[in-house]
Amino acid sequence: MVLAEKIFEQALDLPIDDRLSLIDRLIKSTNLPTQEDIDQAWSKEIEFRCQELENGNAKLISGEKVFEKIKKRFST
């Protein structure tokens with residue numbers, strides 16, 4: 001942790017653009033999904049759901065019915 005603190009202190013001396021670049025590189029190094037990855041995944045899911053509706057393989061359920069089912073399921 002001492003090394004991380006030392007690096008952090010040195011990073012604070014960098015110009016803002018360099019700090020932002022460093023932040024971006026560190027985040028990417030974690031292999032976590034980026035906002036772009038998340039947006040692409042949602043776009044694919046939306047396209048899939050629209051196709052399912054158009055093909056008749058899925059049906060819409062009103063929010064009222066959904067919440068009614070949830071209430072019934074989780075009420076004691």
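If each residue's Cβ is checked for other Cβ atoms within 10 Å, how do 66, 2 rank with the fewest at the top?
Lowest to highest Cβ neighbour count: 2, 66.
Label points 7 Å out from Cα along the Cβ direction at residue 14 and residue 45: separation in nm?
That separation, rounded to one decimal, is 3.2 nm.
With the dipole of the chain worked out from charges on the C-beta (+1 for Lys and Arg, -1 for Asp and Glu) around the Cα centre, which of 42, 16, 55 lies farthest toward the positive end?
Of the candidates, 55 comes out farthest on the positive side.
From the helices alone, meaning DSSP H stretches of at least four residues, give me the mean residue ellipticity at 222 nm for the chain, per-run term -39500 (n - 2.57), in deg cm²/dmol to the nearest 500.
When only DSSP H runs of four or more count, the value is -24000 deg cm²/dmol.
On C-alpha positions alone, give me the angle between the axis of helix 2-11 and the longest principal axis of the chain, in degrees, nearest 10.
90
Given labels modelled 7 Å from the Cα in the Cβ direction, how far is it in nm from residue 64 to residue 27?
In this crude spin-label approximation the distance works out to 4.2 nm.
In debye, nearest 20, what is the charge dipole magnitude of the chain about its Cα centre with +1 on Lys and Arg Cβ and -1 on Asp and Glu Cβ, if you could check?
Here the chain has a charge dipole of around 760 debye.
A short reminder: the numbers here are calculations on the coordinates, not readings from a lab. No experiment lies behind these values; they were computed from the predicted model shown. Cβ atoms come from the backbone with ideal geometry, glycine included; neighbour counts cover every protein chain shown.
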